[in-house]
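S.K.: Sharing a structure with you now.
Just so it is clear, none of the values below were taken in a lab; they were calculated from the coordinates. None of the values given here were measured: they were computed from a predicted structure. Neighbour counts are summed over all protein chains in view; Cβ atoms, including those assigned to glycine, are modelled from backbone coordinates with ideal geometry.
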Amino acid sequence: MRASLLNLVTLREDPAEAEIASHRLLLRAGYLYKSGAGLYLYGPLLTRVLDRIKRIVADEISAAGGLEVTMPIMQEQALWERSGRWATYQASRTMLTVTDRNGQKFGLAPTAEEVVTDYAGSVVQSYKQLPVTFFQQHTKFRDEIRPRFGLMRVKEFIMMDAYSFHANDESLTRTYELMRIAYHRIFARMGLEAFAVEADAGAIGGSGSHEFMVAADVGEDTILFSSVSGYAANVERARGVMPAAKPWTCSELTQVYTPGSSSIEAVVAVLKVNHDLDIDASRVIKTLVYRVELQPFGAGPVGHIVAVLVRGDREVNEVKLLNAARRAFLQQEVLSVRKLRDDEPVSLPMGYVGPGPGMHLSYTIADESLKGVGPMVVGANKKDYHLIGFDLERDADPKVTRSLTWDDITTYHAGDGCPLSGEPLQERRGIEVGHVFKLGTKYSAAMKAEFMAEDGKRQPFVMGCYGIGSSRVAAAAVEQHHDADGITWPVSIAPFQCAVLPVGKPGDQAVDAAAKAIYDQLRAAGIDVVLDDRDLKPGPKFKDWDLIGVPYRIVCGRGVAEGVVELKHRAGGAVETVPLATAAERVNTLVREALTKLG
Ligand code: ATP
Ligand code: MG
């Protein structure tokens, strides 16, 4: 490829809207063009990078048994009604919908479980065809609340999504493991340092899931891990051991006057000053009032008011709470959970609500850390009063006791104990680049996608699903591979592997001829090479290729007269002087070695 035909347009200044390195550099180097809010045009260079990423992904998923297909992006509402997810996705407003001229509604694929389950139900008849995995790399749409950070979080993006179908759980576990290995190979081949963590399954659902994270300070996910036990989990789902509540003996339940103390800090302060009680927030039960939106079978959505209890020094984890609500309201589809708004009427003295007498709520979900914790302080369900010496298992309102569910609904932090080793957990940030789920029969049972089992009976498929954010991966790669001058792509996903720059004096035909010869040799050797034949001074040429991030650069300049050229390694900046005659061979060796090392 000749650079003069590439329409290279690079910016010298950082675009104001870009906060993180990948967004800034991809815009500056002309990879990306903002076409609308959260919408991007992928330029010629990015298209090359994405092709390389997609090729590696397809290679490894195929090697793990995947069959590549292409599914429609427009998905009929009726199909989503069959799985029961139309309502869930409408409630969370993550699905973009379109209506055709006949008034029929479609969702624009946020994911494709429904489409592929329906397909498998039709083309897979017998256990003899199992297991089978279908995958695609196609456009997905999600109406994100906050599209940001360039390719990281967009409304329209490219995802590799794979779906596996099995006769039983053992077969699913085997494929799940194969996929996890494939993922490790995929990210290693792209030069990305990625690691697997336990994850929440979100709206996709299922019984087990892992996310693949690329470590980066700008990552939107928080990971808790222990280097002692190897435990690693997304904070949305991480378990842990809380430090014990502050020691306190108080066997008698007493109502105390706590004026103007509707917050935890205020009640702790008032109890200290007015009642000489030396406790802290760990001895208070935080009672929050939530609204859980449900879709009972065969009826419209309804809302329940639910009391949510956590220790006073901790927060409610709303991802865990949604899962807990799904477990608590088994017979109904839980659409969403949210804290009650101030303007929503509820006959309770907000700020003084507690699980003791008079709470009048039919549902309570309490964090497991409150089990057997001993005496606590709770709101007395009366403005300006609290109860002290409250034992949840002994003193709860009978209505609360009847409906109480214990679950893990709180957020753990760095410093809490590791659930495996007890050692303090550590924290780091990560970019989620991939996700694997064990779905079980959630979709196949709902959609009646069945096969003939060995015993002649019809059974729903056991399923798994697997996603990689192919376009987000490009941004994550830039986060891990850049320096002050620009991007330092790993060879496997760079838009070009080598750039050849003639930088002779105007009209220096020897230099141009040397550059052209090396360029031709590299092309013949199968190297992805670009010849910078643009009529530019050396400085701007160097700057452009540093910014664009091509891994190897051959500069043909003054040395040509003595039969040498300069070979620069973009990452690390090493420079070699190599004979003109063997320069192409040297680059060829370097590229092959780098690719072999990546795997
Ligand atoms: P997130 O938590 O970041 O919103 P998710 O868990 O909802 O992502 P999945 O349903 O697991 O996403 O989708 C599979 C992969 O698709 C993710 O691991 C991620 O790499 C990518 N992805 C998801 N949403 C987006 C988006 N809005 N923009 C770019 N890539 C995305
Ligand atoms: Mg995910």
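S.K.: Return the calculated 222 nm mean residue ellipticity for the chain, to the nearest 500 deg cm²/dmol, obtained by summing -39500 (n - 2.57) across DSSP H runs with n ≥ 4 and dividing by the residue count.
M.R.: Estimated from H runs of four or more residues: -8500 deg cm²/dmol.
S.K.: Ok, one more. Where in the range 151-228 are there trypsin sites (Lys or Arg not before Pro) that are in a DSSP coil and have at most 15 other Cβ atoms within 10 angstrom of their Cβ? Kindly include the intermediate steps, with their values, before the conclusion.
M.R.: Details: sites: 153, 155, 174, 180, 185, 189; in loops: 155.
Sites meeting the loop and neighbour criteria: none at all.
S.K.: Along the positive direction of the dipole of the chain (beta-carbon charges: Lys, Arg +1; Asp, Glu -1; about the Cα centre), which of 130, 538, 591 reaches farthest?
M.R.: 538
S.K.: Order 581-587, 523-529 from most to least packed using the mean count of other Cβ atoms within 10 Å. Present the calculation step by step, with values, prior to reporting the outcome.
M.R.: Numbers: 581-587: 19.3, 523-529: 15.9.
Taking the mean over residues of other Cβ atoms within 10 Å, the ranking is 581-587, 523-529.
S.K.: Once you order the gyration tensor axes a ≥ b ≥ c over the Cα atoms, which shape class does the chain get: rounded for a/c under 1.5, otherwise prolate or oblate by comparing a/b with b/c?
M.R.: prolate
S.K.: Another one. Highest mean first, how do 357-366, 206-215, 460-469 rank when packing is the count of other Cβ atoms within 10 Å averaged over residues?
M.R.: Most protected by this proxy first, the peptides run 460-469, 206-215, 357-366.
S.K.: Hey, another quick one. Among 431, 493, 446, whose Cα sits farthest toward the positive end of the charge dipole of the range 384-530 (+1 at Cβ of Lys/Arg, -1 at Cβ of Asp/Glu, about the Cα centre)?
M.R.: Result: 446, furthest along the dipole toward the positive end.
S.K.: Next up: Which of rounded, prolate or oblate describes the range 6-82 when judged by the alpha-carbon gyration tensor and an a/c cut-off of 1.5?
M.R.: Oblate, since a/c reaches 1.5 and b/c is not below a/b.
S.K.: While we're here: How high is the relative contact order of the range 1-124, in percent, counting Cα pairs under 8 Å that sit 6 or more residues apart?
M.R.: Relative contact order for the range 1-124 comes out at 15 percent.
S.K.: Based on the mean of other Cβ atoms within 10 Å per residue, sort peptides 404-413, 125-134 so the most packed one is first.
M.R.: Descending mean neighbour count gives 404-413, 125-134.
S.K.: With a ≥ b ≥ c the root eigenvalues of the C-alpha gyration tensor of the range 44-172, is it rounded (a/c under 1.5), prolate (a/b larger than b/c) or oblate?
M.R.: Oblate.
S.K.: Expressed as a rounded percentage, what relative contact order does the chain have, with Cα pairs under 8 Å and six or more residues apart? Spell out each step's value before the answer.
M.R.: Details: 1262 pairs, mean separation 101.4, N = 599.
This gives 17 percent for the chain.
S.K.: Let me ask something else. Tell me the Kirkwood hydrodynamic radius of the range 480-599 in angstroms, computed as one over the mean inverse distance between distinct C-alpha pairs. Each step should come with its number before you reach the end.
M.R.: Details: mean 1/r = 0.0705 Å⁻¹.
It is 14.2 Å.
S.K.: A further question follows. Along the charge dipole of the range 25-132, pointing to its positive end and built from +1/-1 on Cβ of Lys, Arg, Asp and Glu, which listed residue (78, 31, 61) has its Cα farthest out?
M.R.: The Cα lying farthest towards the positive end belongs to 31.
S.K.: Express the relative contact order of the range 380-535 as a whole percentage, based on alpha carbon pairs under 8 Å and six or more residues apart in sequence.
M.R.: Relative contact order for the range 380-535 comes out at 12 percent.
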